[in-house]
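Beneath this line is the structure, given in structure tokens, with notes to follow.
The values are calculated or read from the model by the stated rules, or taken from the named source; none is laboratory data. As the structure is a computational prediction, the values presented were derived from the model and not from experiment. Cβ coordinates were reconstructed from backbone atoms using ideal geometry, including for glycine residues, and neighbour counts include every protein chain displayed. Accessible surface is based on the protein model in full, side chains and every heavy atom, while ligands, DNA and RNA are left aside. Shrake-Rupley method; radii C 1.70, N 1.55, O 1.52, S 1.80 Å.
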Amino acid sequence: MQAFVRRHPVWSAIIALVLAVLLWLILVPWSPGMEASFGRKRVFLNAVFSGITLGALYFLVASGFTLIFGLMRNVNLAHGSLYLVGGYLGFEISERTGSWLFAFPAVFLIVALMGIVLQNQVFRRMEGEELRQTLVTIGLSVVLADIMLWIWGGQSYTIMTPDWLAGPAEVPIVAGVDRDGDPVYLRYPRVRIAILIAAIVVGILMWLVLNKSRLGMLIRAGVDDREMLAASGIRIQWVFLAVFAFGAGLAGIGGIVGGTFQSLTPGEDTRFLLASLVVVIVGGMGSIPGAAIGAVLIGLSEQLGLVYAPTYSVVFTFLIMVAVLAFRPQGLMGRTR
């Protein structure tokens, strides 16, 4: 982040100004003139928080994708299918066991095993052949989509929120004033707040592992010079297998999260694959902070667009991607190679 500020002081100042304006709009009470121009503050706050929590979901899915695609250079276009498989499995496990929390480690392990099979049987045999990887994983995603349609049908599924996360919680942010002039605080679903906190914790832990641990050093060294690392006696294939499994498991966990505060329907795999691609392009390949920034930007653009410009809301996401590609092709936090 400090290197980005030093290299791009103008862009850093613009980003800081935008963040300051956003914080000001969130924290200060709105005057009647502002509410006449922008609508009720409660609507704006709900759109912002929905965008941030949607960004948390995008981050969980895209962070696994940025590990697989950005670091390992494996073009896994079946990543969205892993998301949807995880969501369906999470629904089945939570319904049969009655435990929402138990579904997370169970789905992580199952989808991680699927990732191990993918890496060992598909990508290991096509290392460096991006076109073949793309075509094969597109075919796999079609096959998996048909299998899921056969098993679960075309209806929507929603994973039930546990009782201790049901209902709204009061957030210490003023959403308006009542008739007596007393402040009214924002109430927001507990489950979304919990998911946001969990995504932040996962992101911090991933960054620490990649940048401050020996495993992270081995992963980065294997990406930069695989032959030299293999010559030193390290079995780099086992390291990459573990990274692929972890990235796939995160996609499965994202499926549970998405099924909890949204729904699981056929076609969601394609949607989240495209979202992951956009997040990685905007944030920068292989960058966990970049994936977090890109996910929040995309989530906010989607939700604010739905509230204030629903006709053009889909366009905003791609405008952000085009702007990043035009001015910083390696992504906001990516590095040139």
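Contact list please: Cβ distance under 9 Å, first residue in segment 202-214 and under 21 Å from residue 57 (Cβ atoms) and basic (Lys, Arg), second residue surrounded by 12 or more Cβ atoms within 10 Å (Cβ to Cβ) and at pLDDT below 85, pairs at least six apart or on different chains. Going by the 9 Å Cβ cut-off, there are no qualifying pairs.
Taking residues in segment 50-67 that are under 12 Å from residue 278 (Cβ atoms), and partners anywhere that are in a helix (DSSP H, G or I) and of a type in the set (Lys, Arg), not one pair has Cβ atoms closer than 6 Å while being at least 6 places apart or on different chains.
Would you tally the residues in segment 168-187 being part of a loop (DSSP other than H, G, I, E, B), open to solvent by 70 Å² or more (accessible area, probe 1.4 Å) and acidic (Asp, Glu)?
Result for segment 168-187: 2.
Each residue in segment 276-291 was checked for being open to solvent by 10 Å² or more (accessible area, probe 1.4 Å) and on the phi > 0 side of the Ramachandran plot, and 1 pass.
Tally time: how many residues in segment 264-275 are outside any helix (DSSP H, G or I) and buried (at least 24 other Cβ atoms within 10 Å of the Cβ)?
Here the count works out to 1.
Screening segment 214-250 for residues that are among the β-branched types (Val, Ile, Thr) and within 20 Å of residue 66 (Cβ to Cβ) and picking the one that is modelled with the highest pLDDT gives 243. Inspection of segment 26-41 finds a residue satisfying the criterion of being modelled with pLDDT of 80 or more and of a type outside the set (A, V, I, L, M, F, W, C). For segment 188-212, the tally of residues that are open to solvent by 90 Å² or more (accessible area, probe 1.4 Å), in contact with a helix residue (DSSP H, G or I) (Cβ under 9 Å, 6 or more places away or on another chain) and of a type in the set (Lys, Arg) stands at 1. Among the numbered conditions (1) touching a residue at least 24 places away in the same chain (Cβ under 8 Å); (2) assigned to a helix (DSSP H, G or I), the only one that residue 238 does not meet is (1). List pairs: first residue in segment 18-36 and in contact (Cβ under 8 Å) with a residue 40 or more places away in the chain, second residue not aliphatic (A, V, I, L, M) anywhere in the structure, Cβ distance under 8 angstrom, at least six positions apart or on different chains. So the pair list comes out as 29/41; 29/176; 29/183; 30/38; 30/41; 30/176. Within segment 71-107, if we keep just the residues that are more than 19 Å from residue 157 (Cβ to Cβ) and hydrophobic (A, V, I, L, M, F, W, C), the residue that is surrounded by the most Cβ atoms within 10 Å (Cβ to Cβ) turns out to be 78.
Can we say residue 132 is under 30 Å from residue 30 (Cα atoms), open to solvent by 80 Å² or more (accessible area, probe 1.4 Å), at pLDDT 85 or above and of a type outside the set (Gly, Ala, Ser)? The answer is no for residue 132.
Counting only residues that are of a type in the set (S, T, N, Q) and assigned to a helix (DSSP H, G or I), segment 91-111 holds 2 of them.
Looking across 331, 294, 252, 247, one residue alone is assigned to a loop (DSSP other than H, G, I, E, B), open to solvent by less than 10 Å² (accessible area, probe 1.4 Å) and either touching a strand residue (DSSP E or B) at 6+ places or on another chain (Cβ under 8 Å) or not aliphatic (A, V, I, L, M) (or both). It is 331.
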